[in-house]
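Chemist: Please see the structure below; I have some questions.
Values quoted throughout were computed directly from the atomic coordinates according to the rules given, and no laboratory measurement underlies them. Keep in mind that what you see is a predicted model, and the values were worked out from it rather than measured. For neighbour counting, all protein chains shown are included, and Cβ atoms are generated from backbone atoms with ideal geometry for every residue, glycine included.
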Number of protein chains: 2
Amino acid sequence: MSVQERKERERADRERLIVATARELAEQQGWDAVTTRRLAERIEYSQPVLYSHFRGKREIIGAVALQGAAEMAVSLRAAASAADGPRARVTALARTYLDFAERNPAVYDAMFRLDGGLAFAVEDTPEPLKDAFAALLESLGEVAGDGVHPGLFTETFWAALHGLATLTRAGRLPPEDAERRTELLVDRLAAL
Amino acid sequence: MSVQERKERERADRERLIVATARELAEQQGWDAVTTRRLAERIEYSQPVLYSHFRGKREIIGAVALQGAAEMAVSLRAAASAADGPRARVTALARTYLDFAERNPAVYDAMFRLDGGLAFAVEDTPEPLKDAFAALLESLGEVAGDGVHPGLFTETFWAALHGLATLTRAGRLPPEDAERRTELLVDRLAAL
DNA sequence: TCGATTGTCTAGCACTGCTAGGATCTCCTC
DNA sequence: GAGGAGATCCTAGCAGTGCTAGACAATCGA
């Protein structure tokens, strides 16, 4: 048994190495630079090894996305619990979300812009994704306002944040006004 | 002179054909299916011909984006002028924007998701893009509210719409609540 | 009608994701 | 310890990508 356990552990280690390396490479040079060859070279294995862990590149992106979702959930909850009162909480949440997107652009892309083959907004959505949404909902539900479904409000607020994050990073919005746009969004959207 | 003029006309025709074909192919099968080979085959020329019109695939995407921006501006203005009063105007604007994104997903991607090599939010931004933003601003400026810069408000509102458009189409948001999210956005964000 | 220019195509480069098949290495059994 | 079975891994190759060099043919002006 012990031999098999060691093998399984080593396999799991290597899988983590693949995901971490893919993420690192993507953050350094963008997802286009994450080719199976380059990734294989970095982990010091041949290409086919990647396919013994993942069905293909898409699944590797998906794995990075799940990792990112888990981290984002932690960040969001930490920011929310450190803030006093609904208003401060929503502001902190928005800032933290946008900050995460800015500091981890490749991970953010894996989560929301690229196709990682993950299910969304359905029954079999992976747990980390549901949990990241739940983290948003926990703080946003209380400012949804009367007669507005908390889930629907969270979806809308999230979409707005997502729009700000992607358009800003793509150079579609002037970066210097980012903070003012965030404030406007919080002031207007949240029922305070 | 006449011969040269005819040639220039034919060249311009062929360029339009390339852009129209790329757009058609992208709408039918997605941008991934728009390969230089397939595109060349459809216009019944060899690959290198494409490169005598455009620097590369990116520029073709850019050309489709500009065409789309022009059409979107027309749609937005038509919707705005057909509505009575600020509230109806903003609602019509939001619906028209999201409708455009839903009916022309490939064009929308070319405009805002893919890299078409176009400059944004700067001096030398192509005219159609500036004009599409202007069309938004014309209707949104009046509901920015006191002390809020119309441009900043338009950017924020646009980002929210963009987030709804992309997340909905990517299956990240349940499509059946799209209309309710739009209403919520308009109700809260616009100062009416 | 000739020569130059313009226009177009064939063929090929270096790269991509992915996989078949063979080699090697490890482990369990005798 | 030795042999065979099985897991593990790599080499080599497929079909596809964007893009381009260089040869060829059509067209134009003199």
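Chemist: Among the lysines, which have Cα under 25 Å from the Cα of A:K130 when same-chain residues fewer than 8 positions away are ignored?
Modeler: Result set, ordered by chain and number: A:K57.
Chemist: When A:T35, A:T156, A:T91 are ordered from fewest to most other Cβ atoms inside 10 Å of their Cβ, what list results?
Modeler: So the ranking, lowest neighbour count to highest, is A:T35, A:T91, A:T156.
Chemist: Continuing with the same structure: Using 7 Å Cα-to-Cβ label points, what is the B:T35/B:S52 separation (nm, one decimal)?
Modeler: About 2.4 nm separates the two model spin labels.
Chemist: Roughly how tilted is helix B:85-103, in degrees to the nearest 10 and between 0 and 90, from the longest Cα axis of chain B?
Modeler: 40 degrees
Chemist: Only counting other Cβ atoms within 10 Å, I'd like B:K130, B:K57 sorted with the fewest neighbours first.
Modeler: Neighbour counts put them in this order, fewest first: B:K130, B:K57.
Chemist: Relative contact order of segment A:61-189: what whole-number percent is it, with Cα pairs under 8 angstrom and at least 6 residues apart?
Modeler: This gives 30 percent for segment A:61-189.
Chemist: What FRET efficiency do you get for B:E10 and B:E71 if R0 is 35 Å and r is their Cβ-Cβ distance, rounded to the nearest 0.05?
Modeler: 0.90
Chemist: How far is B:E5 from the same spot in each other copy, in nm, shortest first, if each label point sits 7 Å from Cα toward Cβ?
Modeler: Here the equivalent label points are 8.8 nm apart from this one.
Chemist: Still on this structure, I have one more. Of B:D109, B:D187, A:D84, how do they rank once you tally other Cβ atoms within 10 Å and put the fewest first?
Modeler: Going from least to most buried by this count: A:D84, B:D187, B:D109.
Chemist: Taking a label point 7 Å from Cα toward Cβ, how far is B:T125 from its twins in the other copies, in nm, shortest first?
Modeler: 3.2
Chemist: Could you work out the helix-only [θ] at 222 nm for chain A, with each DSSP H run of four or more residues adding -39,500 (n - 2.57) and the total divided by the number of residues, to the nearest 500 deg cm²/dmol?
Modeler: -24000 deg cm²/dmol
Chemist: Would you work out if segment B:62-189 is rounded, prolate or oblate? Take a ≥ b ≥ c from the square roots of the eigenvalues of the alpha-carbon gyration tensor; rounded if a/c is under 1.5, else prolate when a/b is larger than b/c, oblate otherwise.
Modeler: Oblate, since a/c reaches 1.5 and b/c is not below a/b.
Chemist: State whether segment A:1-53 is rounded, prolate or oblate according to the following rule on the C-alpha gyration tensor (a ≥ b ≥ c being the square roots of its eigenvalues): a/c under 1.5 gives rounded; otherwise a/b larger than b/c gives prolate, and the remaining case gives oblate.
Modeler: Note, shape of segment A:1-53 comes out prolate.
Chemist: Please state the shape class of the protein assembly as shown: rounded when a/c is under 1.5, otherwise prolate if a/b exceeds b/c and oblate if not, all from the C-alpha gyration tensor.
Modeler: oblate
Chemist: Also, quick follow-up: What distance in nm lies between label points placed 7 Å from Cα along the C-beta direction at A:L17 and B:E24?
Modeler: Simple spin-label model gives 5.2 nm for this pair.
Chemist: Quick check: Cα centre of segment A:1-62 to Cα centre of segment B:1-76, how many Å?
Modeler: For segment A:1-62 versus segment B:1-76, the Cα centre distance is 39 Å.
Chemist: Now, a different point. Can you tell me the 0 to 90 degree angle between the C-alpha axis of helix B:150-169 and the longest principal axis of chain B, rounded to 10?
Modeler: It is inclined by approximately 70 degrees.
Chemist: I want to check the label-to-label distance for B:D115 and A:E179. Put each point 7 Å from Cα in the C-beta direction and report it in nm to one decimal.
Modeler: Here the modelled spin labels are 3.0 nm apart.
Chemist: If the label for A:R16 sits 7 angstrom from Cα along the Cα-to-Cβ line, what are its distances to the same label in every other copy, in nm to one decimal, shortest first?
Modeler: Copy-to-copy label distances at A:R16, shortest first: 6.1 nm.
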